[in-house]
1. Within 17 Å of the chain's Cα centre (by Cα), within 22 Å of I39 (Cβ to Cβ) and of a type outside the set (S, T, N, Q) - does that describe any residue in the range 189-205?
2. What's the number of the only condition in (1) more than 20 Å from the chain's Cα centre (by Cα); (2) modelled with pLDDT under 90 that R100 fails to meet?
3. Do we have any residue at all in the range 189-206 that's of a type in the set (S, T, N, Q) and in contact with an Asp or Glu (Cβ under 7 Å, 6 or more places away or on another chain)?
4. Return the only residue of F246, F303, F283, F262 being touching a Pro at 6+ places or on another chain (Cβ under 9 Å) and of a type outside the set (D, E, K, R).
5. Looking only at the range 187-209, count how many residues are assigned to a helix (DSSP H, G or I) and either open to solvent by less than 10 Å² (accessible area, probe 1.4 Å) or closer than 21 Å to I260 by Cα (or both).
6. Restricting to the range 243-260, count the residues that are touching a residue at least 60 places away in the same chain (Cβ under 8 Å) and either among the aromatic types (F, W, Y) or open to solvent by 10 Å² or more (accessible area, probe 1.4 Å) (or both).
7. If you scan the range 82-108, which residues turn out to be exposed (fewer than 11 other Cβ atoms within 10 Å of the Cβ) and not in a loop (DSSP other than H, G, I, E, B)?
8. Take the residues of the range 16-28 that are open to solvent by 10 Å² or more (accessible area, probe 1.4 Å) and among the small types (G, A, S): which is modelled with the highest pLDDT?
Amino acid sequence: MHQILEMGKLLVVGSVAFDDIETPFGKSDKILGGAGTFIGLAASQFNVDCSVVSVVGEDFPQEYLDVFTDHNIDISGIEIVKGGKTFYWKGKYHNDLNSRDTLITELNTMADFNPIVPEAFKDADVLMLGNLHPNIQIGVINQMKLRPKLIILDTMNFWMDNTLPELMQVIEKIDVITINDEEARQLTGEYSLVKAAAKIQDMGPKYVVVKKGEHGALLFNKEHIFFAPALPLEEVFDPTGAGDTFAGGFSGYLAETKNISFESLKNAIIHGSNLASFCVEKFGTERLIKLQKDEVDDRLLQFKDLTQFNIELT
């Protein structure tokens, strides 16, 4: 008899929000966004049992909740606050799309967010902590019945500037941190990313993922280093959520395989980069919502072609 393996469980904690985006190519008005949303939608491309923990207001439409359930994402951990308003972010990208101005941030229900992990996910294999206040992230770690096989943290310079002691407490407890190159330098005071990654590993995480936007991502573990390119795209329409989509692909792959070797993390980075390349093609979550498996597989082959070469040393 064939043994039926249980699906890997992935718990995602992150914002579910309204985004209002302007790029050189147009405006979106209020659309579905938030780190938890992008991570969950990316992870739904894998054979995983996924739950998103977040909070929204009464103004959050049912059709957006249906987007989660249509992608087999458990929403029992999304609290709906009666009379409350959903987290809202408005931003405008510059012509190079690498820099943006935040025009409006309204925390609304997110200001008092006290996450409650669904009972069925307190034993998740992988915990993906989206970019949020470190106290919220600690609160989730403390609710887990068993320590997950892998705890992944995504954070940003805002928390380094404003809540560094709390952030350091989270960093001590995790296995993987994903940050961009600027943030890795800020956190460690080292310009060399190799030295920065070594310092961050001394703080707690076994693995350090440094995101370099359109220039790919680096993975560090002790003396091992792996570099994954970003796929050169003809058009980048909206970069919002690309980093979160990367995190969702990365964590989704690892939850599906239940393999946390360095080789497996290398593959996870390619899967994350692959999904992020779709995210930027349309406004917000639009491209991820309609993404089909055959499209994902075809582009993975493009990644393979991009990086494969034979060399003979004489």
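1. Of the range 189-205, the ones within 17 Å of the chain's Cα centre (by Cα) are 205.
In the following step, the residues that additionally are within 22 Å of I39 (Cβ to Cβ) were identified as 205.
With of a type outside the set (S, T, N, Q) added as a condition, the list becomes 205.
Taking every residue of the range 189-205 in turn, at least one turns out to be within 17 Å of the chain's Cα centre (by Cα), within 22 Å of I39 (Cβ to Cβ) and of a type outside the set (S, T, N, Q).
2. That leaves (1) as the condition not met.
3. First, pick out the residues of the range 189-206 that are of a type in the set (S, T, N, Q): 192, 201.
Filter once more, keeping what is in contact with an Asp or Glu (Cβ under 7 Å, 6 or more places away or on another chain): none.
No, because not a single residue in the range 189-206 is of a type in the set (S, T, N, Q) and in contact with an Asp or Glu (Cβ under 7 Å, 6 or more places away or on another chain).
4. Details: F246 fails: touching a Pro at 6+ places or on another chain (Cβ under 9 Å); F283 fails: touching a Pro at 6+ places or on another chain (Cβ under 9 Å); F262 fails: touching a Pro at 6+ places or on another chain (Cβ under 9 Å).
From the options F246, F303, F283, F262, the qualifying one is F303.
5. 7
6. Number of matching residues: 9.
7. Taking the range 82-108 and keeping what is exposed (fewer than 11 other Cβ atoms within 10 Å of the Cβ), we get 82-83, 95-96, 99, 101-102, 104.
Passing the criteria: D101, T102, I104.
8. S28
The values are calculated or read from the model by the stated rules, or taken from the named source; none is laboratory data. These numbers were taken from a predicted model, which means no experiment stands behind them. Here the Cβ is made from the backbone with ideal geometry for all residues, glycine too, and neighbour counts use every protein chain on show. These accessible areas exclude ligands, DNA and RNA; they are computed on the full protein's heavy atoms, side chains included. Shrake-Rupley method; radii C 1.70, N 1.55, O 1.52, S 1.80 Å.
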